[in-house]
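The values are calculated or read from the model by the stated rules, or taken from the named source; none is laboratory data. Computed from a prediction, not measured in an experiment: that's the story for all the values here. A quick note on method: Cβ atoms are made from the backbone with ideal geometry, for glycine too, and the neighbour counts reach across all protein chains shown. Note: accessible area is taken over every heavy atom of the protein model, side chains too, but ligands, DNA and RNA are not part of it. Shrake-Rupley method; radii C 1.70, N 1.55, O 1.52, S 1.80 Å.
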Amino acid sequence: MANSTTANTATITDSKAPSTELSGVATESALVSEKGTTTIADAVVQKIAGLAAREVSGVYALGGGAVRAFGAIRERIPGASASVGQGVSVEVGERQAAVDLQILVEYGVSIADLARAIRRNVIDAVEQMTGLEVVEVNINVSDVHIPGDDEGDDKAESGRVR
């Protein structure tokens, strides 16, 4: 993912506006018209993709172990909230976007089916809300959540000292 200043926002053109040519390449998109342009920041696409991925049944959490641990600490701070974009990185161009997701899946869920559902939901949400074409959604499954793992940690801690 490129981290240059120009890669942090996307400029897209209005589909009602006529196509213009720059260096022989047509530049027609959804949010640029004769009256102005609309730019979309990487953080916007990141949040949309994160929310869309979390909507899919079978996704337990987003982010790797360290990211989830940091998010858990952040949730305990009064007034702070977990980042919607946790576990999501994006690269946004003028007309296209690419999304990388790191997920934790629930035990027993077909990972292949889950990946297809996540891709479909993320692509639909990002394209519908931003007008950007999503060229790829890469999914890294970092772990499987087994029910009872979280409760087991709490019981072990409460049983040591009373």
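Candidates in region 31-58 are the residues that are open to solvent by less than 50 Å² (accessible area, probe 1.4 Å) and over 21 Å from the mean Cα position of the chain (by Cα); of these, the one that is modelled with the highest pLDDT is Gly36.
Taking residues in region 46-75 that are over 15 Å from Val141 (Cα atoms), and partners anywhere that are modelled with pLDDT under 55 and open to solvent by 60 Å² or more (accessible area, probe 1.4 Å), the pairs with Cβ atoms closer than 9 Å and at least 6 places apart or on different chains are Arg74/Ser81; Glu75/Ser81.
Residues that are among the charged types (D, E, K, R) and closer than 23 Å to Asp42 by Cβ within region 98-127 comprise Asp100, Arg119, Arg120, Asp124, Glu127, listed in sequence order.
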